[in-house]
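Step one of this worksheet: look at the structure below.
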Amino acid sequence: MHTSSGAGRTTLLLFYNLLALLSLGFAPAAAFATASSPSDIDMVPSDLSQTSGASTSGTSGTIDVSSGASLKRKPDRDLHLILDFDGTCTNSDTTPLLPRLASLHSNDTPQQREQRLGAFQKLEQEYFDNYCKVREDILRCETEIDDSNGESSDRSSRSYDPSNPDHLHEALEALDEVSTRVTHKVTSSSCLAGMPTTVKQITQLIEENEEVREAVSLQKGCLDAICRARLQHGWRLGVLSINWCPALIGAALVTPIEQKLKAQVVEVESIEEEQGDTEVWCNEITHKGEVRLTIPGASAKRELIASIKCRKQAENNFGDKEKSIVVYVGDSSTDLLGMLEADIGIMVGESSTVTNIAKKWCVKISHISTRNNESNGIKDGGTRNSGLHERDSNTVWMVDGWDDIDDLLQRISGV
């Protein structure tokens, strides 16, 4: 088709861009769904034309996609990227921010704010102290001599057997129990009463308060890597977090992602405003400050990753030779079982707790460059990218930052 008029070219561009949106799975759907109460989450108003300050560390640069017409129409496999939130996408844990958000939203006096923050910090310290005790108990091994046969054996004080995979689950559940107990105390203390529960409310606090913006800043390269995977290769996106506030995840991560996706795909007013299809599974906090645990810890994350894999494989339209690929990205002990359950588990940074627990249960942690080198045929004479997406249920791949994740996702997409 050829047209010499400016109006004709504009119409053609609109048509191509609309096709690109539909091929990538964009639909007039809610911004995201939670495992607890999607109705508590509001849309960001359509007049919010700029990405909020929530992503000040991850919004620089643009993706090299000139127009919707150049986007890949259909991925050649079913690709799913599931992300932890705190410490994986953000520069720091946002949990300590929650009482401040509740205080700001409630218009506390300075004295009320001090009391609220003090109560929360006391519970934080209790959690930290008890967590360290349980972690030491898990990792401590005592050598005992069996006088009857003269042989020695290693046993931790709570009888965690490193040769038993079930005991890895029990050890991680013991760490999660510490969090659960303290979480119940947080609810009883009412130190989070008055918590904002909508994306719109939290977005406003982010825009108005520099300290809040800094606390929810995204890691360098995070936003670009996610959007590139989504736009260029059709990755589906989900967020799986033990964070208590789905609206905070929406304001700090999901909204900037969807805004950047729309900005890169099309910039015409005739395309309907929409948030996309990012799913969020996390805990929930009510306006009264009650925390409801639906994703309490490591086992819940593993179970949800397993259910995603089963669901996606059942929906897979690529035949027996192709499969759904689920990548899970995390950073802490709460993510370890999810990383092992996923087809590819990625750990951001070096968590000493994860490293030590993995070592005790003989879980392999390798830098992602090792996997890349092997897939490039550098080792054992393999074919380039061969086996890049094959599941290794006993390995977690460590990355230095989101540039490594970006590279891996593009490699998998090109297999």
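Observations on the model:
- Screening the candidates 218, 261 for the property of being at pLDDT below 95 and among the hydrophobic types (A, V, I, L, M, F, W, C) yields one hit, 261.
- Complete set of residues in region 197-247 that are open to solvent by 40 Å² or more (accessible area, probe 1.4 Å) and part of a helix (DSSP H, G or I): 200, 201, 204, 207, 208, 210, 211, 213, 214, 228, 232
- Of the residues in region 377-400, at least one is assigned to a loop (DSSP other than H, G, I, E, B) and modelled with pLDDT of 85 or more.
- Residue within region 321-343 that is buried (at least 24 other Cβ atoms within 10 Å of the Cβ), part of a helix (DSSP H, G or I), at pLDDT 95 or above and β-branched (Val, Ile, Thr) present: yes
- Condition met for residue 80 (out of contact with any Asp or Glu (no Cβ under 8 Å at 6 or more places or on another chain) and either of a type in the set (A, V, I, L, M) or not in a helix (DSSP H, G or I) (or both)): yes
- Considering 143, 203, 198, 109, the condition of being β-branched (Val, Ile, Thr), at pLDDT below 95 and over 20 Å from residue 296 (Cα atoms) is satisfied by 143 alone.
- Matching option when the condition is modelled with pLDDT of 95 or more and under 26 Å from residue 127 (Cα atoms), among 184, 167: 184
The values are calculated or read from the model by the stated rules, or taken from the named source; none is laboratory data. Everything numeric here is computed off the predicted structure, so don't read it as measured data. Neighbour counts are summed over all protein chains in view; Cβ atoms, including those assigned to glycine, are modelled from backbone coordinates with ideal geometry. All accessible areas refer to the heavy atoms of the entire protein, side chains included, with ligands and DNA or RNA removed. Shrake-Rupley method; radii C 1.70, N 1.55, O 1.52, S 1.80 Å.
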